[in-house]
Amino acid sequence: MKEKIKETLKKIIFFIINPRFLFCFGIAWIITNGWSYAMFTIGMFFDIGWMIALSSAYLAFLWLPVSPEKLVTIAIAMFLLKWLFPNDEKTLGRLKEMHALLKGKHNDRKARKKAREESKDGKSDEKDEKTESGEIEKGTDNGVENKNSENEDNINE
């Protein structure tokens, strides 16, 4: 188990520290974040209120825990990597391996979920068949009236 985790971490780290990916990540960061830091700096330097307000509002959004900024930045970086370096077989190969792995896991989860739902549907169908055949009806215990339900009816009257 530890070896599998080490191997996975090693692949991810080598993918991230690749100079081409770092270059693309830098461009993606400038697209998603850098402009707001630059605009804030320029606004502060020249005392331009609207620049300060706009950039600080966006920066405040970036620091929220629910901000999808990091996911968007990585997605843009991967797109740029494919677009700028289409012949980088090593990095793109690792990216395709990770995609196939995640896609396989996703398909496995979908199959397990579908199997669980089908098994639940099958069990509920069996219960419905039993009640339709008259073997066991609601409010009875093997065909004998449930005395607790009668006592509750008498109490409520």
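Return a yes/no flag: does segment 60-72 have any residue that is crowded, with 17+ Cβ neighbours inside 10 Å, of a type in the set (Val, Ile, Thr) and in a helix (DSSP H, G or I). The answer is no; no qualifying residue exists. Screening segment 23-46 for residues that are open to solvent by 90 Å² or more (accessible area, probe 1.4 Å) and farther than 18 Å from Pro68 by Cα and picking the one that is farthest from the chain's Cα centre (by Cα) gives Phe46.
The values are calculated or read from the model by the stated rules, or taken from the named source; none is laboratory data. As the structure is a computational prediction, the values presented were derived from the model and not from experiment. Don't worry about glycine lacking a Cβ; one is built from the backbone with ideal geometry, like all the others, and counts go over all protein chains shown. These area figures cover heavy atoms from the full protein model, side chains too; ligands, DNA and RNA do not enter into them. Shrake-Rupley method; radii C 1.70, N 1.55, O 1.52, S 1.80 Å.
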